[in-house]
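Chemist: Starting off with a structure, shown below.
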Amino acid sequence: RKEVEQDPGPFNVPEGATVAFNCTYSNSASQSFFWYRQDCRKEPKLLMSVYSSGNEDGRFTAQLNRASQYISLLIRDSKLSDSATYLCVVTNTGANNLFFGTGTRLTVIP
Amino acid sequence: SAVISQKPSRDICQRGTSLTIQCQVDSQVTMMFWYRQQPGQSLTLIATANQGSEATYESGFVIDKFPISRPNLTFSTLTVSNMSPEDSSIYLCSVEGTGAYEQYFGPGTRLTVT
């Protein structure tokens, strides 16, 4: 079983729409959680960390559900510039090894 | 966040040869990491490189195939040895970020082995 699983999409949404991605992880001892964004032919860039209490950064909201072992990312008022692949990332206790999901591709349509 | 550069940005190599990829950071960092991203796949950690010690390799990766150097706190190299077409991939270095377990990535090296 993969450490991290994501729906690969693609998600095609109109500008202004709200879109949500989910991600599940297999190791209940996982320590830290992140969403990264990867544009085509570019390196992954940290979008936001995911805290147990949930966190919000502008139009982006991340939530963690430890009991069900899933992480979500909500994007409100989608912009064309949000088009990218969103990577769910998990680390295990005491380790620096990041486990990446295969990513969910989002295309925002004018 | 740190500014990270990699050289070369891309290369096309013949099977059986070796390629050394360089990673340079604009600030001193304790830990540097090397990842591989094969076409259509997620990133996979190859090894962790700390200055002054041997790199720690993940399962499925060995030093003879992917030797790593870490001569100082701002620089590391990854060599892909005796290449085969299966080594065609993007290789990325990363460094630890300011938050717990955060990492920042270099632009990657796109390798094609023919």
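Chemist: Say whether the condition of being closer than 18 Å to A:Leu46 by Cβ and either outside any loop (DSSP other than H, G, I, E, B) or touching a residue at least 40 places away in the same chain (Cβ under 8 Å) (or both) is met by at least one residue in the range B:16-25.
Modeler: Of the range B:16-25, the ones closer than 18 Å to A:Leu46 by Cβ are B:23, B:25.
Then drop every residue that is not either outside any loop (DSSP other than H, G, I, E, B) or touching a residue at least 40 places away in the same chain (Cβ under 8 Å) (or both), which leaves B:23, B:25.
There is at least one residue in the range B:16-25 that is closer than 18 Å to A:Leu46 by Cβ and either outside any loop (DSSP other than H, G, I, E, B) or touching a residue at least 40 places away in the same chain (Cβ under 8 Å) (or both).
Chemist: Within the range B:33-54, how many residues turn out to be at pLDDT 95 or above and touching a Lys or Arg at 6+ places or on another chain (Cβ under 9 Å)?
Modeler: 1
Chemist: Scan the range A:29-44 and give yes if some residue there is free of Cβ contacts under 8 Å to residues at least 24 places away in the same chain, part of a strand (DSSP E or B) and open to solvent by 80 Å² or more (accessible area, probe 1.4 Å), otherwise no.
Modeler: no
Chemist: If you take the residues of the range B:91-114 that are on the phi < 0 side of the Ramachandran plot and of a type in the set (Phe, Trp, Tyr), which of them is nearest to the other protein chains (Cβ to nearest Cβ)?
Modeler: Checked the range B:91-114; the qualifying residue nearest to the other protein chains (Cβ to nearest Cβ) is B:Phe105.
Chemist: Now for a different question. Within the range B:79-90, identify whether any single residue is surrounded by fewer than 21 Cβ atoms within 10 Å (Cβ to Cβ), away from chain A (no Cβ under 14 Å) and assigned to a strand (DSSP E or B), and answer yes or no.
Modeler: Yes.
Chemist: What's the total number of residues in the range B:29-74 that are charged (D, E, K, R) and within 16 Å of A:Asn97 (Cα to Cα)? Write out each step before concluding.
Modeler: Pass one, the range B:29-74, residues charged (D, E, K, R): B:36, B:54, B:58, B:64-65, B:70.
If we keep only those that are within 16 Å of A:Asn97 (Cα to Cα) as well, we get B:36, B:58.
Within the range B:29-74, residues that are charged (D, E, K, R) and within 16 Å of A:Asn97 (Cα to Cα) number 2.
Chemist: Let me ask something else. When the range A:45-58 is examined, which residues are found to be part of a loop (DSSP other than H, G, I, E, B), among the small types (Gly, Ala, Ser) and modelled with pLDDT under 95?
Modeler: Of everything in the range A:45-58, those that are part of a loop (DSSP other than H, G, I, E, B), among the small types (Gly, Ala, Ser) and modelled with pLDDT under 95 turn out to be A:Ser52, A:Ser53, A:Gly54.
Chemist: Something else: Given A:Leu46, A:Leu98, which one is more than 13 Å from the chain's Cα centre (by Cα) and facing chain B (nearest Cβ under 10 Å)?
Modeler: On the way: A:Leu46 fails: more than 13 Å from the chain's Cα centre (by Cα).
Exactly one of A:Leu46, A:Leu98 is more than 13 Å from the chain's Cα centre (by Cα) and facing chain B (nearest Cβ under 10 Å), namely A:Leu98.
Chemist: When residues of the range B:91-114 are filtered for being farther than 15 Å from B:Ala2 by Cβ, part of a strand (DSSP E or B) and among the hydrophobic types (A, V, I, L, M, F, W, C), how many remain?
Modeler: Looking only at that region, the number is 2.
Chemist: Could you please give the count of residues in the range B:91-114 that are over 15 Å from the mean Cα position of the chain (by Cα), under 20 Å from A:Phe34 (Cα atoms) and either polar (S, T, N, Q) or open to solvent by less than 30 Å² (accessible area, probe 1.4 Å) (or both)?
Modeler: So the answer is 4.
Chemist: Please go through the range B:33-74 and pick out each residue that is under 25 Å from A:Glu3 (Cα atoms), in a loop (DSSP other than H, G, I, E, B) and open to solvent by less than 40 Å² (accessible area, probe 1.4 Å).
Modeler: B:Ser42, B:Ala55, B:Phe61, B:Phe66
The values are calculated or read from the model by the stated rules, or taken from the named source; none is laboratory data. Here the structure is a predicted model, which means the values were calculated and not measured. Glycine gets a Cβ as well: all are built from the backbone with ideal geometry, and neighbour counts include every protein chain shown. Ligands, DNA and RNA are stripped out before the accessible areas are found, and what is left, the full protein with its side chains, is counted by its heavy atoms. Shrake-Rupley method; radii C 1.70, N 1.55, O 1.52, S 1.80 Å.
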